Each structure stands twice: as structure tokens, then as C-alpha cells.
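Structure first, commentary second.
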Amino acid sequence: MNESAMPPVAQDRPQAGSISFLQALLFWLKLGFISFGGPAGQISIMHQELVERRRWISERRFLHALNYCMLLPGPEAQQLATYIGWLMHRTWGGVIAGVLFVLPSLFILIALSWLYIAFGEVPVVAGLFYGIKPAVTAIVVQAAQRIGSRALKNNWLWAIAAASFVAIFALNLPFPLIVLGAALLGYLGGRFAPAKFSLGGAHGAAQQSFGPALIDDDTPTPKHARFRWSRLVLLLVIGAVLWALPMGLLTALFGWHGTLTQMGWFFTKAALLTFGGAYAVLPYVYQGAVGHYGWLTPTQMIDGLALGETTPGPLIMVVAFVGFVGGYVQQVFGADQAFLAGAVAASLVTWFTFLPSFLFILAGGPLVESTHNELKFTAPLTAITAAVVGVILNLALFFGYHVLWPQGFDGHFDWPSAIIALLAAVALFRFKRGVIQVLVACALAGLAVHLLPN
């Protein structure tokens, strides 16, 4: 008989008082340092630790929280940690869980960004990044395939994906406009063709019980997690103040058009458009950070994504690299304070990127959860996710162009990069190797090619 199917032993249920705030804090800190593997890997780690081993939350409640986080813009794994921390230890529990999910990767990326800027031209470092760039192209293609296989369930959604690709590739429409257009199509589709736009339970239903849990299937919703208008208004006011104070200070010190002020404004908008995960918002970050503001070059953007893939924490933390390079190169504090400018810029863009995620959970959680299964709310998300597939495919083509034709189509075709990209794709698609393994292997291959005599 399957052990998981046996009746749970009552005394095995964790007691609410037995899991202190300090115990939870230490776990969230540990998670911040081991959360490799992108959203799928991070969610898997949390499931193993919280559902299977520690039994702080039941399988069904875990999946319910995850499906809710999937409806929101922002990194779903970080929001899931915030959500569970909030359920267990109220507002501060959610804040601590969410902050510790991000903080280690921020410090690591600031250090790696500085090493990249300071030593990026050293032959060994340049060789490693020479191999990483084509690997990143293959990784982005895999992301499009992975999201597409889950999202494009019928011809209507395929058509939305194709239309979004044409919109951004051929018409160069801004990413926010594409998201709004897809949301409108999804809303109309939910009304007139509901069967084509149902969410479909992306993460399925709970199939297994791992025994009694602290937050179990039958555990009532805690009082602090129930919807109250007074609490919603209070949290929205606090969120507005937490956004307006640093933005007002930046405007007073540097003016509205100052680099740091514009970074704060730009990444606030980016935070509200991350439906579908980090890969979905990267084209928007590229359009703004590379194309409009010139904070970094296309090559640096590819390198930044590679660094984001190799560090713990949500992949959207690549914004910290964008901020660091932009602040460092623009020398917003002067030539003698380039590192400080980069570190401050990285911290600021992280603040403005993640602040909305906390508000979505803490303020909107009780309200949105009550409407989770209503098609009029989920159909726009289904269409947006389909549009994201076309946008990510465009991003892959952009990366491929800059990797394979580094001097443009008029220059030479980079055959070694093409071979590395092909081998990376085979490793990812055929042999199902992990992202870190592929990046390491391609980095070593790039180093070998780069150091070979011409």
C-alpha cells in the first residue's frame, strides 16, 4: 500500500506554535541561497521543503497559492514564497520571505557585475562569455518552446502568438501595447469563445497527500488573510508612499530626466508587465534599456542574462545587472564613484521592480483569490501568455543575430558560435541537461575557441 495513501497520524501534524518566526526566517534565508534553476526549480525546491519534508502547508493549499501567483505579473516563485510567509506569520512573515528570496542574488549580482565591467576584456573572461552568448540564445529558444507547449492549446492562441511576433518583429510595436492588445482579445475570447480561453489548470490539482500540515486542506483562512476594505486601502497607501518617497527624492536630486530617476520609472512599468515570467519582460527591458536609454549594449544585455541564469533567485534579477552597468557607465556620481553608482542603481531598480510584487500579495491576495476561477479574470491572462510566446521568439532571434553576426549581416558569420549554439540546443532539447550544466560546458568551449591561435 502506498505510504502516502495511509491515514495520517494525528500527532504528526505540525503545531502552529512549533514553527517560530525565527525558524521560518532561517528557512527563507537558506532558500535565497539555494534557489537555482529558474521558476520551475525554485517552485520544486519549495514543494519538497514545505509540502513534503516540513509539512508547513498541504499539497492542495500549496497549488492553490501557486495558481494564484501565476495570475499576477511578477516572478511567481518569489510571490509564492511571500504568500506562504504571509499566511504563516502575517505581513512581516510575507515581507521577510519575499525579501530573503531576492537579497542574496542582489548582492551576488552586484559583485559579478563589477567583475564583468572591470575584467570583461581579460582574455580568459572574454573567452568564457564568448561561449556563454550562444548558449543563452539556445536557452531563450527553449523558454519559448516550454511556455508555448503549455500555453498554445488551440489555433486561437497560436494566432495570438503569431500576431504578437509580427507586432514586435516587423512593426516594432512597444511591448506594453502588445500586452494590452492580448488582454483585450482574451477578455473578448472569454465572453464569446470561453472554451478556447479557459486557464486549464496549468499546475493541475493535488493528487497526493504527504500527511497533516500546519496549513492543511481544512485549515480555515487566517483572520489576517481575509478581505477587508480598510486593510486594502491602508496597504495601497503604504505602497504608494514607499514608491513615491524614493521617486520624489530621485527627482529632487537628479531631475526627472536623470539616469536614476528614469531607471526607477522605467522598472516600475516593467514590474507591471511581467506576465509569463522574466523571459516575457526581457524584450521590454531591451527596448528601453538598450534601444531607448542606451544604458548598456546588446552584447552586455546577453551577458547579463547569462549571469542571471547562473545565480540564485528569480531570473528577473537580471534587472540588477542592467541597473549596475547603466549606473557605472553613466557615472552618475562622478568618475571616482563608479562602483557606488552601479551598486545604488542596481539596488534602486530591484526596489522598483519588486515593490509591486509585494503589494499584489499583501494587498490583493484576499481579493484576487476569491475570483481565481472566474473566466473573465483568467481569460486575459491566457491570451497574454500566448502573446508572450511570440515575444520571446523575437528575443531569441535578436540574440541569435547579435551572436552569429557580431558586426551585422555585412560582417562575417561566426561559425564557432553557431556550432556552440547548436550543441547547446541539442543538450537542452534532446538530452534535457540543466541550464547551469549547459552554460558551464559552453563557457569552457568558448574559452578554448577564444584562446586558440588564429
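Computed from the coordinates by the stated procedures, all read-outs in this text should not be read as laboratory data. Treat the numbers as computed from the prediction; the structure is a model and nothing was measured. Glycine also receives a Cβ, built like all others from the backbone with ideal geometry; neighbour counts cover every protein chain displayed.
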Can you pull the one-decimal nm distance between simple spin-label points at residue 92 and residue 118, each 7 Å off the Cα toward Cβ? 3.7
So how tilted is helix 155-169 from the main axis of the chain? Cα-based, degrees 0 to 90, rounded to 10. 40
Under the classification rounded if a/c is under 1.5, otherwise prolate if a/b is larger than b/c and oblate if not, where does the stretch 35-184 fall, given a ≥ b ≥ c as square roots of the Cα gyration tensor eigenvalues? oblate
Find out how many positive minus negative residues lie around residue 140, taking Lys and Arg as positive, Asp and Glu as negative, among other residues whose Cβ is under 15 Å from that of residue 140. 0
Cut-off 18 Å, label 7 Å out along Cα→Cβ of residue 299, residues of the stretch 131-147 by amide N: 131-137
Let me spell out the model: positive unit charges on the Cβ of Lys and Arg, negative unit charges on the Cβ of Asp and Glu, origin at the Cα centre of the chain. What dipole size does that give, in debye rounded to 20? 920
If R₀ is 41 angstrom, what is the calculated FRET efficiency for the pair residue 409 and residue 53, using the beta carbon separation as r and rounding to 0.05? 0.15
Checking the a/c ratio against 1.5 first, then a/b against b/c, what shape does the Cα gyration tensor give for the stretch 211-322? oblate
Distance between Cα centroids, the stretch 123-186 to the stretch 432-454: provide it in whole Å. 24
Could you tell me how many degrees, from 0 to 90 and to the nearest 10, lie between the Cα long axis of helix 435-451 and the main elongation axis, the longest principal axis, of the Cα atoms of the chain? 10
For the chain, build the charge dipole from Cβ charges (+1 Lys, Arg; -1 Asp, Glu) around the Cα centre, then report which of 248, 107, 83 sits farthest towards its positive end. 83
For a quick check: with amide H placed at 1.01 Å from N, whose amide H comes under 5 Å from residue 215's, ignoring anything fewer than 5 positions away on the same chain? 57, 58
Along the positive direction of the dipole of the chain (beta-carbon charges: Lys, Arg +1; Asp, Glu -1; about the Cα centre), which of 324, 225, 347 reaches farthest? 225
Which peptide among 286-295, 428-437 comes first, and what is the full order, when sorted by highest mean count of other Cβ atoms within 10 Å? 286-295, 428-437
Once you list every other residue whose beta carbon is under 13 Å from the beta carbon of residue 450, what net charge do they have if Lys and Arg are +1 and Asp and Glu are -1? -1
By average Cβ neighbour count within 10 Å, what is the ranking of 130-136, 312-318, 255-261, 232-238 from highest down? 130-136, 312-318, 255-261, 232-238
Net +/- balance of residues flanking residue 362 in space, Cβ distance below 11 Å, scoring K and R +1, D and E -1: +2
If packing is taken as the average count of other Cβ atoms within 10 Å, what order do 88-96, 120-128 fall into, highest mean first? 88-96, 120-128
